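> Structure provided below as structure tokens; questions to follow.
Where a number appears in this text, it was derived from the coordinates with a stated rule and is not lab data. Quantities reported herein were computed from a predicted structural model and do not represent experimental measurements. A quick note on method: Cβ atoms are made from the backbone with ideal geometry, for glycine too, and the neighbour counts reach across all protein chains shown.
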Amino acid sequence: MALAPQDRATAGGTLTEYDCGIVGTSVSRSDGLEKVTGRAVYVGDLELPRMLQGKILRSLHPHARVLRVDASRAAALPGVHAVLTRDDLADQPNVYYGPVVRDQPVVAIDKVLYVGDPVAAVAADREDIALEALDLIEVEYAELPVVEDQDAALAPGAALLHERSSQPRVVFADMKSLHLQQESNLCSISHLRKGNVEEGFRLADLVVEDTYTMPMVQHAHIEPHGALAHWDRPDHLTIWSCTQNPSVNRAQLAELFGLPEGRVRLIVPLVGGGYGAKTYPKLEPITAWLARKAGRPVRIVLSREEVFQTIARHPSKVWIKTGVSHDGRLLARQVEARYDTGAYADIGPRTTKNGGYVAPGPYRIDHVSVDSLCIYTNKTPAGAFRGFGVPQVAWNYECQMDDIAERLGMDPLELRLKNLMVEGDRFHTGEELFSVGMKECLEAVARDIGWQRHDAAYYAARRQRPRTGKLRGKGLAVMIKSTMTPSLSSASLRLDADGSATVMTSTVEIGQGCRTVLAQIAAEVLGVPVERVTVSLPDTDFTPYDQSTSSSRSVFSMGHCVLEAGKEIREQVLALAAEALEASPEDLQIRDAVVSVRGSPERSVTITDVFRRRHGSAMGSLFGSSSFQSNGGLDPDTGQGKATAFWHIAAGAAEVEVDCETGRVAVLQLVAALDTGKTINPLGCNMQNEGSVLTALGASLMEEMIFDRGQPLNGSFLEYNLPSLKDMPGRLGTILIEQPHPDGPFGAKGVGESSSVIIAPAIGNAVYDACGVRIKTLPITPERILRGLRGLG
Amino acid sequence: MGTIGFTVNGRATSAEIRPNETLLELLRDGLQLKGAKEGCSVGVCGSCTVLVDGRPVSSCLMLATNAEGKEVVTIEGLADGERLHPVQQAFLDATAFQCGFCTAGLIMGTVGLLHENADPSEEEVKDYLSGNICRCGTYLEVLQAVKAAAATLRGPGGA
């Protein structure tokens, strides 16, 4: 259960209770050896007897009616075992899926909505045969007008993408916090209202108004999406997939096939990165359908070009208006955020909502008003991406903070600190803030980068500086972000007679190191060496429900469950040991699988002895299990309520050098501080932080998916540039702040994406500081800088 | 179909191949060496890197038929039994991986680099390995691992 702030002192668990020294140290990762030897198994490495290769025929049109699909020639090709088309789905009750709105068909039914929309699929003996068969499928289209972007989608007379009203099957409780629309290109809208913004603007001495945009970008996880489906009986599906949501995916597959959930077994091997792209059903429905039709196991692994056509990050257009007093108090802020969710909703309604209520930033403002819109267009579907809707708004409010500071002649750091929310303040949603080390993070990065106070003289000198040669500048940014709330996790834990333990969890090992961190938590509470703890990979036949490996929620939620399950076992061990040692359980400690009396280490029994005492010999297991559900919810009209179980907090600082002749930006220093709550594995936290920074660096300076009337122009790694070793900043710094959270295990919160939010504005502000060019559209390309320097806008 | 003869991880091997089959397909599907991964199929991401006659090659771009008579080393061929190659050991010690999908390619690239240049500068490392993308952003640890591996391979006498 989530606890109210007043219960803080009693919750969580403190380290002094256990004192094994495992939590808080950089324990080596448990998956290292298989990863450096090439033995690590990913879904694309798996093979089953009689397995077929699946390939997908995709639409070349951004928007068209499907008039005819004829697969007869493809089906007749030797080596082809099944072709899946809409004809196979005609008599099926459930052919649409999606985590919020069931708007995405397994294959196109009556329309295609973007370039890459699946139209048919082939299962064949070999991949080259399947590809040949795709060419033999005849599809006749009638092209429809293309809805290119958010504004076009909402313009009067715009072509409607989704003509049928899809059934929003509200599984996730937080969807009650927004308004889903029907038969409109507006998929959903959410609101935040506090005070009266008009009144706030009237009181303001300065009102600033800007529009910032971000393009669509790719997750670019190096492992493409893959799935292997096997119907071992007509009513039992086993599917291996690189999904981030085994439990939710199982439920959706069960719904599609009309099966009890227990008849769908979803197994997730190691996953080669995802960053949000592997959340919710992606490849699973089409692979399962194809395998069912073929009557044989089918594996589909996407090509890189197909990954580009599967999921991406929401492009955004965000208008922000801020009223401020002459002494730098933020009085009112109004935001309209338009997120482009592409052809299908995916998790866009939540992304949009989550970006919306933090769009005013982590600042005390009496009057706020936000409308956040999730809009369909004829582009690649957009979904969860590291940062989850918040980079789009922080890019905007943090750049504007620097402009406001300059207009007032104030230091940007001082302006931020003056307005920054602190412990005990009420957030825009009305909830009380706790465990929010924003000030600490911001001050840490400012100190680290050598922030120089901007006073009148600084601004005057900056304005007069000639815009030639290479110019240096520094920039700051800070942010606050929620986690998926409410949400549910469960874990079970087993301690065996030899002092080994096994954690059963549906948390996905996607590279973040969850198996190592969960092992640390279990080892600490059970008092066994961390090498003795094994953490499962997800297998829904055995591992209990978990809502998602995303939203940086695994350490907080699953870690909480492991800690609580461990306590249950620990109590049993201590009770048995207390009898043996003739001591009170409270006086006992467990370290290295030995229970001893505190202060008298000679009075001890091993965990194995405890099992002997219980079972007569050294055998058997002790069990513990726990579920954790966070609570919350917002009013859909005002956004008031409780947004989150914990807040992600981060601040960043950048130093850049802008070459005024070429427009090139060299990042000299990039520093990110995040609030871990409690650092369970310092190296792991630092690596997650570095990863967030480098992903965001790419999106800030080089990455953009370009479309021309719905046609993608750079959908492969040949045309889409990613940060390599050569794009590393001159110095990459990472700082961990600890502001413990009462519900987190040992106070820990999530760390996986916080810093991805603050990099673009920190760099944007540094660029402005260097050369006076305010970039409002990402990425910050040399061309945009040169246009700015030449006053071309 | 045709047959090629080549050496894979020290063993003389012959394999049936299709004319358009890539070396990566042959290694993964034909020879069941799954350590090299396909990330982009256009030779940009580096996760399919193997050594061909000692030099790192994007096996997704090389036709299997061009491996005739050559010596191919994959990640599976680096360790000596259970004893890791110094580059593998360095990547393990530095935790120079997260999701691990690009790791085999990065290790093979590093082996190739250190074969050509026993004591590379940081700039040389960045330049040489710029064709190995790690989207988890593990570059700091990779630099550390390459440096450590270089020192080990040079041995106590190497400066």
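> Greater than 18 Å separation of Cα atoms is the criterion. Which listed pairs, A:K321/A:K439; A:K418/A:K474; A:K481/A:K642; A:K278/B:K126, meet it?
A:K321/A:K439; A:K418/A:K474; A:K278/B:K126
> While we're looking at this one, here's another question. Projecting each Cα onto the charge dipole of the stretch A:575-617 (Lys/Arg +1, Asp/Glu -1 at the beta carbon, about the Cα centre), which of A:V610, A:A575, A:V597 comes out farthest on the positive side?
Of the listed residues, the answer is A:V610.
> Sort out for me the Cα centre separation of the stretch A:203-256 from the stretch A:679-693, rounded to whole Å.
About 23 Å separates the Cα centre of the stretch A:203-256 from the one of the stretch A:679-693.
> Then there's this: Taking the Cα centre of the protein assembly as shown as origin and charging only Cβ (+1 Lys, Arg; -1 Asp, Glu), how large is the dipole, in debye to the nearest 20? Write down the numbers at each step before the final one.
Numbers: 93 positive and 116 negative charges, 153 e Å.
I would put it at about 740 debye.
> Of all DSSP beta bridges in the stretch B:2-77, what percent run antiparallel (nearest 5)?
For the stretch B:2-77, the DSSP antiparallel bridge percentage is about 90.
> Tally Lys and Arg at +1 and Asp and Glu at -1 over the other residues with C-beta under 12 Å from the C-beta of A:V773: what net charge comes out?
+4
> So, one more: Using a 10 Å cut-off on Cβ to Cβ distances, tally the other chain neighbours for every residue of B:19-26 and report the average as a whole number.
Rounded to a whole number, the mean comes out at 1.
> Roughly how far apart, in whole Å, are the Cα centres of the stretch A:425-499 and the stretch A:555-582?
Taking the Cα centre of the stretch A:555-582 as reference, the centre of the stretch A:425-499 is 36 Å away.
> Here is a follow-up. Taking amide H positions as placed 1.01 Å from N in the peptide plane, with prolines and chain starts having none, which residues 5 or more places from A:I737, or on another chain, fall under 5 Å of its amide H?
So A:I737 has HN proximity to A:L674, A:D675, A:T676.
> Under the Karplus relation 6.51 cos²θ - 1.76 cosθ + 1.60, θ = phi - 60°, what is the ordered set of whole-Hz ³J(HN,Hα) values for the stretch A:95-103, x standing for Gly and Pro?
Residue by residue, the stretch A:95-103 yields 10, 10, 9, x, x, 10, 10, 7, 10 Hz.
> Quick one: in chain B, what % of C-alpha pairs are over 29 Å apart?
17
> Measuring from centroid to centroid over Cα atoms, what is the spacing of the stretch B:61-121 and the stretch A:260-300 in Å?
31
> Sort the stretch A:713-763 into rounded, prolate or oblate with this rule: let a ≥ b ≥ c be the square roots of the eigenvalues of the Cα gyration tensor; rounded if a/c is under 1.5, and if a/c is not under 1.5, prolate when a/b is larger than b/c, oblate otherwise. Mind dumping the intermediate values first?
Details: a/c = 3.20, a/b = 2.12, b/c = 1.51.
Verdict is prolate for the stretch A:713-763.
> While we're looking at this one, here's another question. Let me check against my output: what whole-number percent is the relative contact order of the stretch B:2-77, with C-alpha pairs under 8 Å and at least 6 apart? Each step should come with its number before you reach the end.
Working: 151 pairs, mean separation 29.8, N = 76.
Reported relative contact order: 39 percent.
> Provide the convex hull volume over Cα atoms per residue for the stretch A:632-719, in Å³.
223
> Per-residue Cβ counts within 10 Å, from other chains only, averaged over B:100-109: what number is that?
Mean number of neighbouring Cβ atoms from other chains: 6.
> In addition: Per residue of the stretch A:140-157, in order, report the coupling 6.51 cos²θ - 1.76 cosθ + 1.60 (Karplus, θ = phi - 60°) as ³J(HN,Hα) in whole Hz, putting x for Gly and Pro.
Residue by residue, the stretch A:140-157 yields 10, 10, 10, 5, 10, x, 9, 8, 7, 8, 4, 5, 4, 5, 9, 5, x, x Hz.
> Between rounded, prolate and oblate, where does the protein assembly as shown land on the alpha carbon gyration tensor, with a ≥ b ≥ c its root eigenvalues, rounded for a/c under 1.5, else prolate if a/b exceeds b/c?
rounded
> Another question about this same structure. Compute the acute angle (0 to 90°) between the alpha-carbon long axis of helix B:103-116 and the principal axis of greatest extent of the alpha-carbon atoms of chain B; round to the nearest 10°.
80
> Per-residue Cβ counts within 10 Å, from other chains only, averaged over A:724-733: what number is that? Before the final figure, lay out the partial values.
Details: counts 12, 18, 7, 3, 6, 0, 0, 0, 3, 0.
Average per residue, whole number: 5.
> If you look at just the Cα atoms of the stretch A:483-530, how large are its Rg and its Dmax in Å?
When restricted to the Cα atoms of the stretch A:483-530, Rg and Dmax are 12.2, 39 Å.
> Rounded to the nearest 500, what is the protein assembly as shown's calculated 222 nm mean residue ellipticity when only DSSP H runs of at least 4 contribute -39500 (n - 2.57) each, over all residues?
Per the formula, -8000 deg cm²/dmol.
> With bins 5 Å wide starting at 0, give me the P(r) of the stretch B:86-154 over every alpha carbon pair, in whole percents.
3, 20, 35, 28, 11, 2
> Using the Karplus equation 6.51 cos²θ - 1.76 cosθ + 1.60 (θ = phi - 60°), what ³J(HN,Hα) coupling, rounded to whole Hz, does each residue of the stretch A:397-405 give in order, writing x for Gly and Pro?
These are the phi-based 3J(HN,Hα) values: 6, 6, 5, 5, 4, 5, 5, 5, 4 Hz.
> To continue, here is another question. Let me have the relative contact order for chain A, percent, based on Cα pairs under 8 Å that are six or more residues apart.
Relative contact order of chain A: 17 percent.
> Additional query: Please get the size of the charge dipole for the stretch B:86-154, origin at its Cα centre, with Cβ charges of +1 on Lys and Arg and -1 on Asp and Glu, quoted in debye to the nearest 20.
It works out to roughly 200 debye.
> While we're on this one: Give me, ordered by chain and number, the residues 5 or more places off B:T22 or on other chains with an amide H under 5 Å from its own placed amide H.
B:A64
> Which order do peptides A:256-267, A:485-496 fall in by mean Cβ count within 10 Å, highest first?
Highest mean packing first, the order is A:485-496, A:256-267.
> Let me know the volume per residue of the alpha-carbon convex hull for the stretch A:13-67, in Å³.
Here the figure is 311 Å³ per residue.
> Given A:V693, A:V36, A:P246, which one lies farthest toward the positive end of the charge dipole of the protein assembly as shown, if we put +1 on the Cβ of every Lys and Arg and -1 on the Cβ of every Asp and Glu?
Farthest towards the positive end: A:V693.
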